[in-house]
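Below is one structure, written out as structure tokens; comments come after it.
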Amino acid sequence: MPDSAPVIVWYRDDLRTSDHAALNAAARHGGPVIALFVLDEERAGRWQTGGASRWWLHHGLEALAASLRDLGSDLVIRRDDTVDALESVVREHQADTLYFHRRYEPFERELEDEVHRALGDIVTLRRLRGRLLIEPERIATGSGAPYRVFTPFYKALLALGEPAEPDPAPDRLAPPPTGIESLTVDQLGLLPAGTDWTGGLRESWVPGETGAHERLDVFLEEAASDYREGRDAPGTVGTSRLSPHLHFGEISPRHVWHAVRESQSAESALTTGGDAFLRELVWREFCHHLLFHWPRMPDEPFNKRFAAFPWRDDPSAFDAWSRGETGYPLVDAGMRELWHTGWMHNRVRMVAASFLVKHLLIPWQRGEAWFWDTLVDADLANNACGWQWVAGCGADASPYFRIFNPILQGEKFDGGGDYVRRWVPELANLPDRLIHAPFRADTDTLAKAGVRLDDNYPGPIVDHGFARSRALEALGKIKNDE
């Protein structure tokens, strides 16, 4: 075909224009560029995009379309079976090449195989990397097996050297063919119908590539140097809050990595905090490594012994947990932050998740599904990996019998109660020493603070000591002797 034949950049995530291997390759090709997004919700099965992530996707697509227009192009949107949509665009416009980034979720890998089978004879297919620092199969143990423990994985990744520098966005793109059919972002119906519950999301986030880079700049200027200690304090802005931007690919991990390295070079105080942050970026890589090699991880325990764990079915307890009404303020604050902002501080995620699976003995898959629907950073690899780690059945989950005490965790990491007071305002007038255990306050203290247990704030739905003993007994039944 002549060089002027159109080429397609198939967007799924990686909703950006900079450090985008597929977009850069298409720009170098020289022909008109069809930047194509296809909404195909059925293919993911139970892992269809959750409500909070649908809100983000709507605004992320709007931001991507604006960025593409700045480069002389536009975003073409279809809602269809993905293979049918791709084939339709290829045939209608005699496209020469289809560029796309690799994905690692099992249903996305199956889709890529199907695209190769269906379209390999009618268009040149170019699958490129872009979502991770390193491809999952490039890191293996000495015996050639995938890693199951994070620290050796981390050391192996560092031993490969620094990742390549990120590439800039193309200067210009040749516009798509005239008259190409496209839906608008609004026509995808990603925003909630009826009651609008997204006000807290709008207050908290700026989806899109520009928002991602602004978020990174703020983190490097204000929090990165203290990240090692500050990341555990939910009442302060001590984390990057880049996770949704990374999930939707609005900023590449290579860009984040090198921005941290450049800041470390310019300011020695960033060395310790920057290294701690980059370690967390490698944890993201580890989760994708696990999902790639164990694609059943979102549904089945990594440690097969946990298939026999005596989980409980307790709908009322689950409802109390999901509403932030457990009677344990740190857990409740986290669940309310999640509902309002679509995000939860990582330390609190661990405590809230532990409460569900260890205190209540409710299956981790139920919590995983709740987070999937309510998180703006709902990532299949990270979500499954995190829940399995907390439940004790995942990779590198030693000690599997860890049970977070929500009272002590609150006193240690939110000693002044700032986080609880923000998200559980009915407890705001309690003294610091009782803010994480209002049920220990005497009648006069509760009255002065305006707290009425089991009225405007619940008492504990389960006693911590009882719950801990019950969980240890249950864990003892599936004890791993390895």
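Hey, any hits in the stretch 408-428 for a residue that's more than 25 Å from the chain's Cα centre (by Cα) and more than 22 Å from residue 235 (Cβ to Cβ)?
no
Run residue 389 past the list (1) buried (at least 19 other Cβ atoms within 10 Å of the Cβ); (2) touching a helix residue (DSSP H, G or I) at 6+ places or on another chain (Cβ under 8 Å) and report the number of the one that doesn't hold.
Result: residue 389 fails condition (2) only.
In this structure, is residue 319 assigned to a helix (DSSP H, G or I), modelled with pLDDT of 95 or more and surrounded by 22 or more Cβ atoms within 10 Å (Cβ to Cβ)?
Taking the combined requirement at face value, the residue does not satisfy it.
With the checklist (1) buried (at least 19 other Cβ atoms within 10 Å of the Cβ); (2) in contact (Cβ under 8 Å) with a residue 60 or more places away in the chain in hand, flag the one item residue 416 doesn't pass.
Result: residue 416 passes all but (1).
Looking at residue 338, is it in contact with a Pro (Cβ under 8 Å, 6 or more places away or on another chain), within 15 Å of residue 235 (Cα to Cα), in a helix (DSSP H, G or I) and modelled with pLDDT of 95 or more?
It is false that residue 338 is in contact with a Pro (Cβ under 8 Å, 6 or more places away or on another chain), within 15 Å of residue 235 (Cα to Cα), in a helix (DSSP H, G or I) and modelled with pLDDT of 95 or more.
Looking only at the stretch 432-450, count how many residues are farther than 18 Å from residue 407 by Cα and either in a loop (DSSP other than H, G, I, E, B) or among the aliphatic types (A, V, I, L, M) (or both). Spell out the reasoning first.
Step one: filter the stretch 432-450 for residues farther than 18 Å from residue 407 by Cα, giving 443-445, 447-450.
Still in the list and also either in a loop (DSSP other than H, G, I, E, B) or among the aliphatic types (A, V, I, L, M) (or both): 447, 449-450.
So the count comes out to 3.
Could you say whether any residue in the stretch 31-53 is in contact with a strand residue (DSSP E or B) (Cβ under 7 Å, 6 or more places away or on another chain) and acidic (Asp, Glu)?
No: zero hits.
Tally time: how many residues in the stretch 228-280 are part of a helix (DSSP H, G or I) and of a type in the set (Asp, Glu)?
Of the stretch 228-280, the ones part of a helix (DSSP H, G or I) are 228-230, 243-247, 253-266, 270-280.
Then keep just the ones that are of a type in the set (Asp, Glu); that gives 229, 262, 275, 280.
Qualifying residue count for the region: 4.
Give the residue, chosen from 307, 369, 333, that is in a helix (DSSP H, G or I), under 18 Å from residue 464 (Cα atoms) and not aromatic (Phe, Trp, Tyr).
333
For the stretch 203-212, indicate whether the set of residues that are surrounded by fewer than 17 Cβ atoms within 10 Å (Cβ to Cβ) and in contact with a His (Cβ under 7 Å, 6 or more places away or on another chain) is non-empty.
Looking for residues that are surrounded by fewer than 17 Cβ atoms within 10 Å (Cβ to Cβ) and in contact with a His (Cβ under 7 Å, 6 or more places away or on another chain), one finds none in the stretch 203-212, hence no.
Counting residues that are aromatic (Phe, Trp, Tyr) and not assigned by TED's automatic domain parsing to the domain that holds residue 369, which strands (runs of 3 or more DSSP E) fully inside the stretch 32-107 reach at least 2? Spell out how you get there, then give the answer.
Values: elements: 33-39, 75-79, 97-101.
In the stretch 32-107, the matching strands (runs of 3 or more DSSP E) lie at 97-101.
The values are calculated or read from the model by the stated rules, or taken from the named source; none is laboratory data. For clarity, every value in this text was computed on a predicted model and none was experimentally measured. Glycine also receives a Cβ, built like all others from the backbone with ideal geometry; neighbour counts cover every protein chain displayed.
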